[in-house]
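Following: one structure in structure tokens, then a few remarks.
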């Protein structure tokens, strides 16, 4: 099915203090705000930055409470105005399994101590990075990631994980870990994959959709966990399947999952042109779109010249605000030695659907100076 | 380990860890790995530690003076108060690396040559004896101001006369005085008739001592604005107390090369020369009449560079001056490339270095991306430009592959040490950074700091040549070290 042509737009002339470029950070959307935390480049960042998409302004709220250490490639979800942070890399080679909450209404951090829901299972997930952390109906599902078996942070013994955890958000603001029983074949161990939650328009058939990741090689497989039955399935998908990838972003807008960027294997054409055989991967700036209704990969028509597309990147963040897909920062690829990677400092958005005609209220709002 | 059925594609455990570290490079290892990198440590020239410590004092200078105990300078102030100041015996001889005897000889050259200009001295009251009848208002004003400049120079000379570093002080005071004269003449728009008249009056009436000052000034001025000075001293009027026609020739000879106390200092000899003579292809910083670097300085700098190897300068066709900036830059690139091809043909077995000043440095660096040169030398490298900082993700200069030396001034407004260090660290080629402390965009040290550091600009320029020599010698050494290190790493993996 043909989709109307999409056009990337670079956001320029933002005001306020711009955060330093980085990768491995995460973002969530609260109304018109994009809240960015963590990530890093030559040092993990513990700053919280907020971008207001309406006023085109960055600001840094002053936070209080148990301020967490900076972390990268961690889990980040938002439930109303309450943000949860789990795991990630906190120092070179050292991963965390701490859980923090941030009340965005008063910018207050709090370290949480979740209890196991039932006795007899592991108390909590092991420290990890690159896991997925997805909220569906008051439960945050944690899947996979990468653990370090070594005591010494400099001597990494990697282990790819395939465990599934459920963090239940109780009405009284308490949380508890559970290890749900699943049926069917589960996805293979992986990290730096993506997960989105999808429910039918009427709220039925909640599903967790896992895509791609890394397990020594980049993965391009798609998995679905039906939360009603807790059954894993590998759905058959029509359309052109995009290249396998990790460190990409997946964002749900409407009934479509937009995949942007990440590391992809070099295709045959690239191999011909490059003489360096060590380079097996490259970053991409391609956009793929999976229609979750029809389970088909749709062709994305890009209406753009080369310079008006964000450059290839991985480890960026992506959020959806209304019909817009926003992406910010991320790293640019293999051009540098690994320890002095240059990160992109640009902010872009993609209008995936025509915005609805403005309602009366919005028009009234727009005519006043204060929004 | 990974679960059953899991396939790891031809990766050894260490390769996998390397790949993971590459994917998740958010933090640096806490202790940096001890190994040689392709970046030479930065070299700071003319850095005075005491001064820098003082600058880093959190207190203001005024506060230091008021409390008089928190800084070294304040302590000195106190000591000076308590002791009698000895104004008779000159200060200890500062360790200046030039031949004092020869420097003194050079210093007195203009004084000696006064005789060529005029044999008879005039009375001490020469100023009053000048016949001012019929002078216009502007003539009076110009003469008065000029004489005041001579008096100032006279006082300066008295202040440092018989000082051990007199030649250096004299050089610096002449530079400053010349600047004042240039400013004055510019106020009068270098009006040909007026300045020729002034020259005539001064040559005829100045006392021999002041005439010496005037020759010193003319000599320096000529190196800055040659055509204007030539116009000024052209013998247009005949008559007067001295026979100008015969003197013009002698005068021209004297004015040809300004003296410098460091002229005889064979400074480069303290370093080993590179064993193989190199070819330097010098890219100009812009159109030839652009006074980015003054003509004389550039000429003498190039002759110094010739001490290290053959110098080939790139020249652009005169039609290029009419092009806009972008086309001109492209033209520079094309012409430099052509010249490089010629050099490749004539000296195929010699190391070839691209050299550029300012924007020429950018051209040289850009050209090195595609040409197989031995190295690049970027002087006054402009890291910040109209379009922001270079070394952005999109910047092609991130891909420099040949050994590159950057020389910047720490007071340059188009570069900074911190940004250069970040930029340099991101390069994959061998590179060095030499910082001329207290120097500006064009690597010029101000008169104040020249005096403080006992240097002249020509000495600074010689030191830049030394930095180039140092780089030429040390690049092959580092290349070998890196090769050995890579081999050792390879053996460890196997």
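The values are calculated or read from the model by the stated rules, or taken from the named source; none is laboratory data. Worth saying up front: this structure is predicted, and the values here are computed from it rather than measured. No Cβ is skipped: glycine too gets one built from the backbone with ideal geometry, and neighbour counts run over all protein chains shown.
State which residue is surrounded by the fewest Cβ atoms within 10 Å (Cβ to Cβ) when the search covers only segment A:193-219 and only residues that are out of contact with any helix residue (DSSP H, G or I) (no Cβ under 9 Å at 6 or more places or on another chain) and within 14 Å of chain B (Cβ to nearest Cβ). Among those that are out of contact with any helix residue (DSSP H, G or I) (no Cβ under 9 Å at 6 or more places or on another chain) and within 14 Å of chain B (Cβ to nearest Cβ), it is A:217.
Considering only segment A:47-64, I want to know if a residue exists there that is within 14 Å of another protein chain (Cβ to nearest Cβ) and more than 20 Å from residue A:326 (Cβ to Cβ). Checking segment A:47-64: not a single residue is within 14 Å of another protein chain (Cβ to nearest Cβ) and more than 20 Å from residue A:326 (Cβ to Cβ). Count of segment A:12-46 residues, restricted to those that are away from chain B (no Cβ under 13 Å) and within 13 Å of residue A:330 (Cβ to Cβ), is 3.
Residues that are in contact (Cβ under 8 Å) with a residue 12 or more places away in the chain and under 23 Å from residue A:183 (Cα atoms) number at least 3 in the following strands (runs of 3 or more DSSP E) confined to segment A:196-257: A:207-214, A:218-226, A:231-233.
To keep it simple, each residue is scored yes or no on (1) modelled with pLDDT under 95; (2) under 20 Å from the mean Cα position of the chain (by Cα).
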| position | (1), (2) |
| --- | --- |
| A:8 | yes, yes |
| A:36 | no, yes |
| A:44 | yes, yes |
| A:69 | yes, yes |
| A:72 | no, yes |
| A:112 | yes, no |
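Could you pull out the residue among A:45, A:35 that is in contact (Cβ under 8 Å) with a residue 40 or more places away in the chain and surrounded by 16 or more Cβ atoms within 10 Å (Cβ to Cβ)? After ruling out the rest, the residue left standing is A:35.
The number of residues in segment A:144-184 that are surrounded by 12 or more Cβ atoms within 10 Å (Cβ to Cβ) and either within 14 Å of chain B (Cβ to nearest Cβ) or on the phi > 0 side of the Ramachandran plot (or both) comes to 18. Quick one: would you say residue A:90 is in contact (Cβ under 8 Å) with a residue 40 or more places away in the chain and more than 14 Å from chain B (Cβ to nearest Cβ)? Considered against the rule, which asks whether it is in contact (Cβ under 8 Å) with a residue 40 or more places away in the chain and more than 14 Å from chain B (Cβ to nearest Cβ), residue A:90 comes out as no. Is segment B:382-392 home to any residue that is within 24 Å of residue B:466 (Cβ to Cβ) and away from every other protein chain (no Cβ under 14 Å)? Yes - at least one qualifying residue is present in segment B:382-392.
Within segment A:72-87, being under 24 Å from residue A:325 (Cα atoms) and either within 14 Å of chain B (Cβ to nearest Cβ) or in a loop (DSSP other than H, G, I, E, B) (or both) holds for A:72, A:73, A:74, A:80, A:81. If the condition is being in a helix (DSSP H, G or I) and crowded, with 22+ Cβ neighbours inside 10 Å, then segment B:341-366 contributes B:359, B:360, B:361, B:362, B:363, B:364, B:365.
Residue count for segment A:299-347 satisfying the condition of being assigned to a helix (DSSP H, G or I) and either at pLDDT 80 or above or away from every other protein chain (no Cβ under 11 Å) (or both): 2.
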